[in-house]
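One structure below.
The values are calculated or read from the model by the stated rules, or taken from the named source; none is laboratory data. All figures in this text were calculated on a predicted structure; none of them were measured in a lab. Neighbour counts run over all protein chains shown; Cβ positions are idealised from the backbone, glycine included.
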């Protein structure tokens, strides 16, 4: 005997993948806010973004009158470039956050144009060798503005490049199914003009590293490479030959 059972699939929300906050208290001592950010999530179709979640958490901690905030981005491998810029803007008044440069030498400065600071108290940013890309944009900018003390077990990962997803099916007009590869399109530079590539962000305060035996980072021997300028570039339909494609800023990841 066969029976058909209908099952409605629900959306599984993994809260551990989103930013979380807590108020740390000790008897007779001022309370401290703590925020853990596992990645710079968001993008098209996502109900949440890292910058908006951090804005909410900072507002909650400010309302609780915490003495300072610890922002933990250890193990955060990056994510959306624009979200890293917006999140940095929650902690600085306004100004440049990062500069990106493509293979033609064309530069673009991404800025926090919104005046005001969401939280103006002391800030500590926790990093490690697995903090990469967008995490290094955030930590580097806050260090350059002297807005936060960077604490970690050593330099961050050292990934100073920007990627985007290229829909090759769109380039062929759907005639061929070529997939969606991830392409490196830009290198980024800190406010101080230092490139995080390979060198990463050096903490202001160094702590012992329990994972010191693990090889990680762009500067390790296995990942050393030379940046090669591409002679031939993909072009979108209607673009002049030899021009680099103009990628949507929202699609850029770091």
Selection from segment 121-174 of residues that are in contact with a helix residue (DSSP H, G or I) (Cβ under 6 Å, 6 or more places away or on another chain) and part of a helix (DSSP H, G or I): 134, 137, 138, 141
Filter result for residue 115 (modelled with pLDDT under 95 and either at negative phi or not in a loop (DSSP other than H, G, I, E, B) (or both)): yes
Which numbered condition residue 254 misses (of (1) surrounded by 13 or more Cβ atoms within 10 Å (Cβ to Cβ); (2) at pLDDT 90 or above; (3) touching a strand residue (DSSP E or B) at 6+ places or on another chain (Cβ under 7 Å)): (2)
Residue within segment 125-142 that is more than 15 Å from residue 254 (Cα to Cα), without any contact (Cβ under 8 Å) to a residue 60 or more places away in the chain and surrounded by fewer than 17 Cβ atoms within 10 Å (Cβ to Cβ) present: no
Test result for residue 158, within 22 Å of residue 142 (Cα to Cα) and at pLDDT 90 or above: yes
Any chance residue 179 is modelled with pLDDT of 80 or more, under 17 Å from residue 98 (Cα atoms) and touching a helix residue (DSSP H, G or I) at 6+ places or on another chain (Cβ under 9 Å): no
Residue match in segment 90-104 (condition: in contact (Cβ under 8 Å) with a residue 24 or more places away in the chain, under 11 Å from the mean Cα position of the chain (by Cα) and buried (at least 18 other Cβ atoms within 10 Å of the Cβ)): no
